[in-house]
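I am attaching a structure below and will ask some questions about it afterwards.
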Amino acid sequence: MRLTTKGRFAVTAMIDLALRQQSGPVTLSAISQRQNISLSYLEQLFGKLRRHELVESVRGPGGGYTLARLARTITVADIIFAVDEPIDATSCAGKTDCATGTDGKQGICMTHELWSTLNRKMVDFLDSVALQDLVDQQRLRQIQEAGQANGAGVRVNLVNTPTTTVKQSAAANA
C-alpha cells in the first residue's frame, strides 16, 4: 500500500488553492510554479477534482479555479478519492481471493482482516482531516517562519487530532 504522487500532489494543490482563493480564482500555472508540479499533471488532477465538485473553474481573463465548497467541508479523503487514488493495503484489492494454497484452493489470506482493518482506519483518518485544518496549519507555519525571519521569536505549537485542534502561543523575545 502506498499513497502515490497523484494523491499527494492533489492535496498540496488544494491547500495552495485554498490559501490563495480569497484574492480571486487561482491559476494552475501559479500553483505549478509555487509547488513545482507539472502544469499538464495539474490539469489532469483538476479535471477530476472538478468532476467531483471539489473545485470550480472560472473562464476568461482573471480566470482560474476556486473551491466549490467551503474548505472545512472538504476532507483529505474526498481529494484522494476524487483523483482515483486507491487506498488499499490488501494484496487482493478487497476481492478476498488473496491466497492460493499449494492445494490450488483460493480464499482469504491469513492477514486479510489485518489489512482490511488498516484500510478502514486510513480512510477514517483521512476523512477526519478537513482541508481547512491543513490550511490553518500552513498559515500558522508561515506566521512562525515570518516571525523567525524577523527575529520576533514567535513560537507556534500545532496539536494534531482527528479534527485538528490548533493552539497558538506567541512569545516575543525582546
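No value in this document is a laboratory result; all are computed from the given coordinates. Note that the structure is a prediction, hence the values are computed from the model and not measured. All Cβ positions, even for glycine, are placed from backbone atoms using ideal geometry, and neighbour counts span all protein chains on display.
Can you run phi through the Karplus equation (6.51, -1.76, 1.60; θ = phi - 60°) for the stretch 20-28 and list ³J(HN,Hα) in whole Hz, with x for Gly and Pro?
Per-residue couplings from phi come out as 10, 6, 4, 8, x, x, 9, 7, 5 Hz.
Let me ask another. Which FRET efficiency value, to the nearest 0.05, do you get for L39 and A149 by plugging their Cβ-Cβ distance into 1/(1 + (r/R0)^6) with R0 = 25 Å?
E between L39 and A149, to the nearest 0.05, is 0.25.
For the stretch 139-149, take each phi angle, set θ = phi - 60°, evaluate the Karplus expression 6.51 cos²θ - 1.76 cosθ + 1.60, and give the result in whole Hz per residue in order, putting x for glycine and proline.
Per-residue couplings from phi come out as 4, 5, 5, 5, 5, 4, 5, 5, x, 5, 5 Hz.
Would you mind working out the magnitude of the charge dipole of the stretch 1-86 relative to its Cα centre, with +1 at each Lys and Arg C-beta and -1 at each Asp and Glu C-beta, to the nearest 20 Debye?
That gives the stretch 1-86 a dipole magnitude of about 80 debye.
Follow-up question, since we're still on this one. Give me the number: length gained by fully extending R72 to T111, i.e. 0.36 nm times residue separation minus the C-alpha to C-alpha distance, one decimal in nm.
Gain on stretching R72 to T111: 10.5 nm.
What order do you get for 116-125, 41-50 when each peptide is scored by the mean count of other beta carbon atoms within 10 Å, highest first?
Result, highest mean first: 41-50, 116-125.
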